[in-house]
Amino acid sequence: MKIEELEDIEPLTSLTAVRDLVIGMDFHPSKVLGQNFLVDGNILDILLDCADLQPNDQVLEIGPGLGVVTDQLLRRVGRVVAVEKDYRLAELLQERWGEVDNLELIQGDALDCNMEDILASGINKLVSNLPYSAGSRILIDMASADVMPEKIVVTLQDEVAQRLAALPGTKNYGLLSVRVQISYDVTVVKKISNNCFWPVPKVESSIIELTRCKSYGLAPEKTKLFRRLLKISFAHRRKQMQGILSKQASDLELTQETSGELLAGLGISPQARPGDLAVSDWVSLAQAIQV
């Protein structure tokens with residue numbers, strides 16, 4: 001069945017509609033799961049327009065909740081895979097849209113699902129109002145997958161959005177920035193008022209767009225080293241890179257002198273701190289270190 005053949009379903013882009021539905025279900029949104037439902041039609045339009053949805057797109061939605069985004073995705077793209085952790089919300093989605101041909105509904109935790117298989121099934125975009133509790137982890141998983149979505153457009157906590165988009169040398173730049181920016185160009189599209197969600201969250205939100213960028217061509221063993229270097233270095237982000245390589249990463253068998261020479265040879269100051277290195281610097285460093 002095509003979604004157009006369903007009986008009219010009341011749009012859930014108003015606070016009144018969402019409250020009425022939730023009360024009717026005797027459902028209480030979970031703070032632990034970060035369940036804050038979008039209740040603003042203008043923000044929904046911006047999210048969907050930014051995703052540049054096409055009829056042949058295959059879209060992954062994580063945390064569809066009450067289905068406000070799901071409904072519009074089903075009307076615009078060829079296939080929607082929706083992953084919902086809360087079994088009560090999954091039942092609602094099944095009841096409302098379960099007969100629609102282009103919906104595949106998975107009841108489960110996205111962090112526990114075989115996401116590699118889901119992405120490899122043809123998914124080319126991720127469009128979601130991400131749960132606050134898992135947003136950063138989900139995006140790292142996307143940016144680390146063997147088959148990555150070409151475009152990701154999501155709402156998530158503004159603090160996380162700023163970290164994802166941060167530039168080297170700024171206070172928000174860190175491990176999360178580099179882990180995602182090695183795979184995606186990141187743009188913060190719009191900051192969103194807390195009142196656009198219900199229940200009203202205590203944190204601010206933003207729409208963020210991630211577009212696949214060039215591949216740096218790291219071999220699997222170098223990718224493992226790259227991630228390890230990031231983890232060690234940003235755990236000691238106030239220290240200088242020369243000291244981090246020779247002391248904190250002691251198994252690399254680099255002395256103070258050889259680590260300084262290695263960094264200088266790559267055009268990186270031995271006195272630089274982890275937050276000063278661009279993504280390309282981290283890639284060059286991983287490529288240069290012999291393990």
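We did not get these values from a lab; they are worked out from the coordinates using the rules stated. These numbers were taken from a predicted model, which means no experiment stands behind them. Don't worry about glycine lacking a Cβ; one is built from the backbone with ideal geometry, like all the others, and counts go over all protein chains shown.
A few points about this structure:
- Kirkwood Rh and Cα Rg combined as Rg over Rh, evaluated for region 70-145: 0.94
- Between Asp20 and Val200, the FRET efficiency from the beta-carbon distance, with R0 = 22 Å, is close to 0.80.
- Gaussian network model of the chain, Cα within-10 Å springs - most flexible of Ile43, Ile244, Ile23: Ile23
- Cα gyration tensor, region 228-273 - rounded (a/c under 1.5), prolate or oblate: oblate
- Principal axes of region 19-127: Cα extent on each, largest first, Å: 37, 32, 26
- Bridge orientation summary for the chain: considering DSSP beta bridges with both residues in this region, about 50 percent are antiparallel.
- Note on the chain: the alpha carbon radius of gyration divided by the globular reference 2.2 N^0.38 Å gives 1.13.
- Cα-centre dipole for region 1-78 with unit charges at Cβ (Lys and Arg positive, Asp and Glu negative), debye to 20: 300
- Asn172-Lys190 pseudo-label distance in nm [points 7 Å out on the Cα-to-Cβ vector]: 1.8
- D_trans [Stokes-Einstein, Kirkwood Rh over alpha-carbon pairs] for region 51-185, 20 °C, 1.002 mPa s, µm² s⁻¹: 140
- Reachable aspartates and glutamates, given that their alpha-carbon falls under 12 Å from the alpha-carbon of Lys125 and they are not under 8 places away in the same chain: Asp52, Asp57, Glu61, Glu150, Glu209
- Separation of alpha-carbon centers, region 1-78 and region 253-275, rounded to whole Å: 50
- Simple point charges give the picture: +1 on the Cβ of Lys and Arg, -1 on the Cβ of Asp and Glu, and for region 136-217 a dipole about the Cα centre of about 140 debye.
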